[in-house]
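To start, the structure itself, in structure tokens.
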Amino acid sequence: KVAAFEKEFAKRHNVSNAIATTSCTTALHLALVSMGVGPGDEVIVPAFTWIATANVVLYCGAKPVLADIDKHTFNIDIDDVLAKVTKQTRAIIPVHLFGLCVDIEQLRSRLPSDIYILEDAACAAGASFKDKAAGGLGDAAAFSFHPRKSITTGEGGMLTTNNDQLALIATQLRNHGASISEE
Ligand SMILES: *Cc1c(COP(=O)(O)O)cnc(C)c1O
């Protein structure tokens, strides 16, 4: 059932990989670890979000750096993100707050190419920006199926990515290092 859900979810969000997790928090954590984020690194997160967005950065031993939000969208302010980028910045976690997608295309075009973009798409299952589905806008994305989100599995999450290398690492780390599951 989980494998079938992953397949349908990937299709609906137009991404090549969907990896189910126990929550969005787990998916965000797994994504950052798979990206190699660790001590000494900085990850930029919006100042207005659910606290998990910043906590997952701390789980990796990295430093969350707060960027202000745009007063019209309540989403991360791209100008302020650029002002907060340093040599230590490894990733940005833009949050599609309440399902309203961040302009990831603009963020990508203005950001150094070696900095990962991890969408916090907790509330954005089924959302899109200019006809492109959430989940495939950045390098990876994390969705939530907590009861207060748009769809729920009781508890649960999904990591999506079009980066097959990242997907391979995440799939193994999800399963205690094993590349083949018993299912
Ligand atoms: C709900 C939420 C999360 C955490 O989701 P869980 O599945 O409960 O871990 C993370 N980020 C945002 C923006 C959320 O709204």
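The values are calculated or read from the model by the stated rules, or taken from the named source; none is laboratory data. Here the structure is a predicted model, which is why all the values come from computation and not from measurement. With ideal geometry, Cβ positions are generated from the backbone for all residues, glycine too; neighbour counts draw on all protein chains shown. The protein model used for the area step is the full one, side chains on, heavy atoms only, and it has no ligands, DNA or RNA in it. Shrake-Rupley method; radii C 1.70, N 1.55, O 1.52, S 1.80 Å.
A Förster distance of 35 Å, applied to the separation of the beta-carbon atoms of His72 and Ala4, puts the FRET efficiency at 0.35. Working note: 222 nm ellipticity from helices only, DSSP H runs with n ≥ 4, each -39,500 (n - 2.57), summed and divided by the residues of the chain, gives -8500 deg cm²/dmol to the nearest 500. In the full protein context, the chain carries 51 Å² of accessible surface per residue, based on a 1.4 Å probe and ignoring ligands, DNA and RNA.
Name the shape class, rounded, prolate or oblate, that the alpha-carbon gyration tensor gives for the stretch 37-170, where a ≥ b ≥ c are the square roots of its eigenvalues, rounded holds for a/c under 1.5, and otherwise prolate holds if a/b is larger than b/c and oblate otherwise. Since a/c stays below 1.5, the shape of the stretch 37-170 is classed as rounded.
Between Lys11 and Leu168, the contour length at 0.36 nm per residue exceeds the Cα-Cα span by 54.7 nm. Rg then Dmax, both in Å and based on the Cα atoms of the stretch 54-116: 11.7, 33. Cα extents for the stretch 1-96 along the principal axes, largest to smallest and rounded to whole angstrom: 43, 34, 21. Just report the Cα centroid separation between the stretch 83-129 and the stretch 141-163, whole Å. That distance is 17 Å. GNM remark for the chain: springs join alpha carbons under 10 Å apart, and the peak mean-square fluctuation among Asp103, Asp70, Asp114 falls on Asp114. The portion of the accessible surface of the stretch 58-134 made up by carbon and sulfur, rounded to a whole percent, is 53 (1.4 Å probe; DNA, RNA and ligands excluded).
Working from Cα pairs under 8 Å separated by at least six residues, relative contact order for the chain is 26 percent.
Report, in listed order, any pair from Lys7/Lys71; Lys11/Lys87; Lys71/Lys130; Lys7/Lys149 with a Cα-Cα distance greater than 26 Å. Violating the 26 Å limit, Cα to Cα: Lys7/Lys71; Lys11/Lys87.
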